[in-house]
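The values are calculated or read from the model by the stated rules, or taken from the named source; none is laboratory data. Since the structure is predicted, the reported quantities are computational estimates derived from the model, not experimental observations. So basically every Cβ, Gly included, is an ideal-geometry build from the backbone, and we count neighbours across all protein chains shown.
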Amino acid sequence: MSKSPKRADSPLKYQRVLLKISGEALMGDREYGLDAGMVAQIANDVAKVRSLGVDVCLVVGGGNIFRGVSGAARGMERAQADYMGMLATVINALALQNALDNIGCDTRVQSAIPMSTVAEPYIRRRAVRHMEKGRVVIFAAGTGNPYFTTDTAAALRASEMGCDVLLKGTKVDGVYDSDPAKNPNAKRYDTLGYMRVLTDDLGVMDHAAISLARENAIPILVFSIYKPGAFAEVLAGEGCFTLVKNEE
Ligand code: UDP
């Protein structure tokens, strides 16, 4: 699969990357919904990486608006609630697209649930072509199937797009051996094997996502999306992060 040629002056180690942005990240300090400042900050970070000549695609979550499991817990049919969750991710995708548009970054939203008036349908080869043309592709509606998560969608799209790395932006700057918010001596792992993450249930992403990334040998880079500029920084191998990859 062709990728944009790596620029000779690029400080970054990767040519094509997928960033998974959870709905929670877009919420900032709010209890629900979208925080415009946080959306703008993430858009800036994405545009910065794109301007360094890296192909960028995004998968957005929807947990800031609706989660299928919560709906099911309140008595809804799970599949129906999951479709609502997928629609929530479309709202977030459009918000991110708007923020990227505002700063002149060219984007396309592709939805796994066809919604032709607001987004393109998901077409793999077309998404690749967009990236080759320098556009940021935002994947919405997860996998399009209930009972899955946007983490799994991220691993799936990263595999389909031939990404060199899957980035998981979280609140903390990597994976720790205990909760760094509670234990000041918590230690951050620099690297971890996929199997270790699965067997110790380290909560990096759900098991389906980790297994898919492992099968396709796509490393998962966990970093803090809350820190402005961190996206470009970690792609250059700097700053704080944990890299999940094959055991040596
Ligand atoms: N969802 C789904 N299939 C998918 C992706 C997402 O059914 O392929 C639904 C599911 O109900 C989930 C919701 O969409 O709770 C929002 O996605 P997710 O919880 O992964 O978002 P995040 O936690 O990243 O904000």
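Screening segment 22-40 for residues that are more than 14 Å from the ligand (Cβ to nearest atom), assigned to a helix (DSSP H, G or I) and touching a helix residue (DSSP H, G or I) at 6+ places or on another chain (Cβ under 9 Å) and picking the one that is farthest from LEU96 (Cα to Cα) gives ALA36. Being within 16 Å of the ligand (Cβ to nearest atom) and in contact with an Asp or Glu (Cβ under 7 Å, 6 or more places away or on another chain), is that true of even one residue in segment 171-181? No, that holds for no residue. If a residue has to be surrounded by fewer than 20 Cβ atoms within 10 Å (Cβ to Cβ) and basic (Lys, Arg) to count, how many in segment 133-167 make the cut? Total satisfying the criteria: 2. Restrict the check to segment 185-205 and report whether at least one residue is surrounded by fewer than 18 Cβ atoms within 10 Å (Cβ to Cβ), acidic (Asp, Glu), modelled with pLDDT under 95 and closer than 20 Å to PHE148 by Cβ. Checking segment 185-205: at least one residue is surrounded by fewer than 18 Cβ atoms within 10 Å (Cβ to Cβ), acidic (Asp, Glu), modelled with pLDDT under 95 and closer than 20 Å to PHE148 by Cβ. Taking segment 122-152, which residues are at positive phi and touching a strand residue (DSSP E or B) at 6+ places or on another chain (Cβ under 9 Å)? Selection gives GLY134, ALA141, GLY142, GLY144.
As a summary of the residue check, GLU160 satisfies the conditions (1) over 19 Å from SER22 (Cβ atoms); (2) acidic (Asp, Glu); (3) within 13 Å of the ligand (Cβ to nearest atom) except for the one numbered (3). Of the residues MET76, MET27, which is of a type in the set (A, V, I, L, M), surrounded by fewer than 20 Cβ atoms within 10 Å (Cβ to Cβ) and either in contact with a Cys (Cβ under 7 Å, 6 or more places away or on another chain) or within 16 Å of SER224 (Cα to Cα) (or both)? One residue alone meets the criteria, MET27.
Can you name the residue in segment 41-63 that is in a helix (DSSP H, G or I) and touching a strand residue (DSSP E or B) at 6+ places or on another chain (Cβ under 7 Å) and, of all such residues, is nearest to the ligand (Cβ to nearest atom)? Filtering first and then ranking leaves ILE42. If you go through segment 35-84 and keep only what is of a type in the set (Asp, Glu) and over 19 Å from the mean Cα position of the chain (by Cα), you end up with just GLU77.
For beta carbons closer than 7 Å, sequence separation of 6+ or different chains, a first residue in segment 15-28 that is touching a residue at least 12 places away in the same chain (Cβ under 8 Å) and a second that is more than 9 Å from the ligand (Cβ to nearest atom) and of a type in the set (S, T, N, Q), the qualifying pairs are GLN15/SER4. Here the condition is being among the hydroxyl-bearing types (Ser, Thr, Tyr) and within 10 Å of the ligand (Cβ to nearest atom); of THR89, THR107, it holds for THR89 alone. In segment 228-248, of all residues being surrounded by fewer than 16 Cβ atoms within 10 Å (Cβ to Cβ) and among the small types (Gly, Ala, Ser), the one that is farthest from GLY193 (Cα to Cα) corresponds to GLY229.
Taken together, the residues in segment 128-151 that are small (Gly, Ala, Ser), within 18 Å of LEU19 (Cβ to Cβ) and within 16 Å of the ligand (Cβ to nearest atom) amount to 3. If the condition is being in contact with a Gly (Cβ under 7 Å, 6 or more places away or on another chain) and among the aliphatic types (A, V, I, L, M), then segment 188-245 contributes VAL222, ILE225, ALA230. Among the residues making up segment 47-78, a single one is under 24 Å from THR170 (Cβ atoms) and acidic (Asp, Glu): ASP55.
To keep it simple, each residue is scored yes or no on (1) buried (at least 16 other Cβ atoms within 10 Å of the Cβ); (2) at pLDDT 95 or above; (3) out of contact with any helix residue (DSSP H, G or I) (no Cβ under 8 Å at 6 or more places or on another chain).
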{"residue": "GLY63", "(1), (2), (3)": "yes, yes, no"}
{"residue": "ILE91", "(1), (2), (3)": "yes, yes, yes"}
{"residue": "SER111", "(1), (2), (3)": "yes, yes, no"}
{"residue": "PRO114", "(1), (2), (3)": "no, yes, yes"}
{"residue": "MET131", "(1), (2), (3)": "yes, yes, yes"}
